[in-house]
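Here's a structure for you.
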Amino acid sequence: MVFNIKDSKKRRTKTDYPRQVKQIDNIWIPMSDGAKLAASIWLPEDAEDHPVPAILEYIPYRKGDFTAIRDSVRHPYFAGHGYASIRVDIRGSGNSDGILLDEYLQQEQDDALEVLDWICEQPWSTGSVGMIGKSWGGFNSLQVAARQHPALKAVITLCSTDDRFADDVHYRGGNILASDMLWWASTMFVYNARPQDPAIVGESWRENWLNRLEHTPPFVEEWMRHQRRDDYWKHGSVCEDYSDVKIPVFAVSGWQDGYTNAVFRMLENLPNESKGLIGPWAHEYPEVATPEPNIGFLQECLRWWDQWLKGMDTGIMDEPQLISWVQDSEKPQVTYDQRPGKWVGDDKWPSKNVTSQPIYLHDQKLSTQPETGDTIAVNGMQEHGFYNGVFCPFGQPGDLPADQRLENGKAVLFTSDPFEETTDLLGQPVFHADISSDQENAFIAVRVNDKAPTGESTMISWGMLNLNHIDSHEHPKALEPGKRYQIAVDLNVLGQQIPKGHMIEVALSPTYWPQAWPSPKPVTLTVYPGENTYLSLPVRTPQPEDETCADHFQVPETSPVIDKEVLRAEERTREVRHDLINGIWKLEDYSDEGERKLVTNGIEHGSKNKNTFMIQENDPLSATITCEWELKVGRDDWQTRIESFSEMTSDETTFYVINRMTAYENDEEIFQKEWKEEIPRDFS
């Protein structure tokens, strides 16, 4: 994860605001059980004489150090335009009291309601509040909205989801998301174990730190105990009852983000005042995200807040419900600085401008009409998937899929004729098939590529389905070998132009490492061509009013980035290694996020992370993931360091998870502990 802000000559730095801003670096918000949450507040200097609405960001990523840089470009900006912008560390994170025991707990929501109560009681508050957040903060803003606090009037949710089982780092299509399950758990494992700042909490910091170290759980253990969509995942998934969310929601994402699917579902199901925005971006705020074009997103936020928190008619509700960036076709790159394309607007979603177009699979071809033919055997190579890119890019170099010609020979490939005219795609492709398996446990992975006339193959969508979950993610069951099943695999949404002369490729496989944990035994799927085996593409007809979207957004602008000193530069490597003699494949992903010193408070912080994904050819039980972290926080003669190691393996019946943590104070080891857990496989 990266909490830095990249420099850009195309982004304005704003220092002159309608209202002068003051910052409260730390203030304690008391909870009814005696705990205190740490908050920072930016607000107009005259807010007590002229009260203002409030904007709340409520996340666990430590306002005093790791998010201080990104907080500095956003919260003062809102304050200067007449809002109290409040950044709260949730219970168990940063300088707040307690231990963070898991994601999105009931306690987290309950605390948020008390924070809203506290805001309403302040002399500078009008009693109207909005919530904004990316990722974790986007999730909990939706969850808190569903609790219907009367002060909460509107939400801006970025890079989040309405369904925790469908669209998060744990499971995809009912499969264990091997690329992220352990990695994200190992991330939160070290993040949650960091100490409070002695300058803020005083002498109790060390006792509290040792308590966090001892009692912070490896989240992966609980996540792996719930391999189906049970009550654990339903909690915090607002899709369980969309009607609980009665306030307007502005849902924002990007085509590189891992959470874009949810924007379409939320527009279809949340209140009519809700809106959506999708750009070319990774998992980041649109005013600073890559790839370009960036937009004046903070200005869009102000229009949203002014509309719903100040009662001003800003015109934002007269615009299309969904504004999205349809990307031009580009040859494959693992990093894009820019993605050319065009903005388009749809008044409602589902859109009357989008129709479903089927293309049918047979004889390694894709056709507009169904054809029968020989059955198709789909065998798996365990090393299929190493060039898929990461599930949720943050904008680091090397995040994206490589040329899919590196993968296509490890799957069964179907190719269309060249397109006769340029075609825009917007929405969710769905793969339908008449299929059988030779094993009781199996999954299918589907890739969709844009193939250029010169041969390059650029992935534009992918998805997978645990075939044991055909009928239900909540009640999986064993397959009957040889029995034919009708399946529908939801693929990732896309906004993509396919030029005249280009082709579409569909690649099928029962393996997809390291995106999906391998099935217990090698699998052969059989696909039956005909009218039930096809890819449904969402084809959008361009509209004349799309032209008005081109000039919709203003130039990106932010408040100034706080002063910092770079102690160690960032570095990223991502390498696939193949041991030809032993048939072993490894992906080694190393991210040194650098080390910085914040001038404002003297805090020094940095992190290093190495993740290794290994598998041996023809052996699904060889799959192994290791995640290693080193994380530092300190100031002057107070220096702390945490090192962790996490590993996940399996046999035919059981997953084995190991976590180790070691902590140092001024280079002296003060804590070490190992956690081991065995968890039965549950159709995974």
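Convert 4 °C to kelvin, take the viscosity as 1.567 mPa s, use the Kirkwood radius over C-alpha pairs of region 105-239 as Rh, and evaluate the Stokes-Einstein diffusion coefficient in µm²/s, rounded to a whole number.
Numbers: Rh = 17.0 Å.
Approximately 76 µm²/s, per Stokes-Einstein.
Hey, another quick one. Express the Stokes-Einstein translational diffusion coefficient of region 207-312 in µm² s⁻¹, to the nearest whole number, given a Kirkwood radius over alpha-carbon pairs, 20 °C and a viscosity of 1.002 mPa s.
127 µm²/s
Cα convex hull of region 28-92: mean projected area in nm², to one decimal?
Details: hull surface 19.1 nm².
It is 4.8 nm².
Would you mind ranking Tyr534, Tyr485 by Cβ crowding within 10 Å, fewest neighbours first? Before the final figure, lay out each step's value.
Numbers: Tyr534 24, Tyr485 14.
Going from least to most buried by this count: Tyr485, Tyr534.
For Phe394, list long-range residues whose amide hydrogen, built 1.01 Å from N in the peptide plane, is under 5 Å from its own amide hydrogen.
Here His283 satisfy the definition.
Enumerate by residue number the GluC sites (Glu not before Pro) in region 384-435 meeting two conditions: DSSP loop (anything except H, G, I, E, B), and at most 16 other Cβ atoms within 10 Å of the site's Cβ.
Numbers: sites: Glu407, Glu420, Glu421; in loops: Glu420, Glu421.
Those satisfying the criteria are Glu420, Glu421.
Calculate the length of the line joining the C-alpha centroid of region 443-495 to that of region 289-320, in whole Å.
Cα centres, region 443-495 to region 289-320: 36 Å.
Expressed as an acute angle from 0 to 90° and rounded to the nearest 10, what is the orientation of the C-alpha long axis of helix 297-309 relative to the principal long axis of the chain?
For 297-309 against the chain, the angle is about 70 degrees.
Shifting gears a bit: Out of residues 5 or more away from Ser128 or on other chains, whose amide H comes under 5 Å of its own, with H placed 1.01 Å from N in the peptide plane?
The list, which skips near neighbours in sequence, is Ala54.
Kirkwood Rh, region 354-540, all Cα pairs: how many Å?
Evaluated on region 354-540, it is 16.7 Å.
Plugging the Kirkwood radius over Cα pairs into Stokes-Einstein for the chain, at a temperature of 37 °C and a viscosity of 0.692 mPa s, what D comes out in µm²/s?
Rounded to a whole number, D works out at 127 µm²/s.
Tabulate in residue order the Karplus-calculated ³J(HN,Hα) for region 423-431, using 6.51 cos²θ - 1.76 cosθ + 1.60 with θ = phi - 60°, rounded to whole Hz; enter x for Gly and Pro.
10, 9, 10, 8, x, 10, x, 10, 9
Per-residue HN-Hα couplings for region 256-271, Karplus 6.51 cos²θ - 1.76 cosθ + 1.60 at θ = phi - 60°, whole Hz, x for Gly and Pro?
8, 5, x, 10, 5, 3, 5, 4, 5, 5, 5, 5, 6, 10, 8, x
While we're on this one: Any idea what the dipole of the chain comes to, in debye rounded to 20, about its Cα centre with Lys/Arg Cβ at +1 and Asp/Glu Cβ at -1?
Values: 65 positive and 110 negative charges, 132 e Å.
Using Cβ point charges on Lys, Arg, Asp and Glu, the chain gives about 640 debye.
Take the alpha carbon gyration tensor of region 481-583, find the square roots of its eigenvalues, order them as a ≥ b ≥ c, and report rounded if a/c is under 1.5; if not, report prolate when a/b exceeds b/c, else oblate.
oblate
Can you pull the percent of Cα pairs in region 383-474 with separation above 22 Å?
40 percent
Taking a ≥ b ≥ c as the square roots of the Cα gyration tensor eigenvalues, with a/c under 1.5 meaning rounded and otherwise prolate when a/b beats b/c, else oblate, which class fits region 72-152?
Because a/c hits 1.5 or more and a/b exceeds b/c, region 72-152 counts as prolate.
Here is a further query. Could you sort 504-515, 67-78 so that the peptide with the highest average Cβ count within 10 Å comes first and the rest follow in order?
Working: 504-515: 25.5, 67-78: 22.5.
Listed from highest to lowest mean packing, they are 504-515, 67-78.
Find the centroid of the Cα atoms in region 343-415 and in region 106-143, then give the distance between the two in whole Å.
Their Cα centres are 40 Å away from one another.
Could you run the Karplus curve 6.51 cos²θ - 1.76 cosθ + 1.60 with θ = phi - 60° over region 673-681 and give me ³J(HN,Hα) per residue in whole Hz, x for Gly and Pro?
Ordered by residue, 3J(HN,Hα) equals 7, 10, 10, 10, 9, 10, 10, x, 6 Hz.
Where the centroid of each part is defined by its Cα atoms, how far is region 578-605 from region 195-244 in Å?
Here the answer is 24 Å between Cα centres.
Read-outs: derived from the displayed coordinates by stated rules, not from any lab. In this text the structure is predicted, and so the values were computed from the model without any measurement. All Cβ positions, glycine included, derive from the backbone under ideal geometry; neighbour counts span all protein chains shown.
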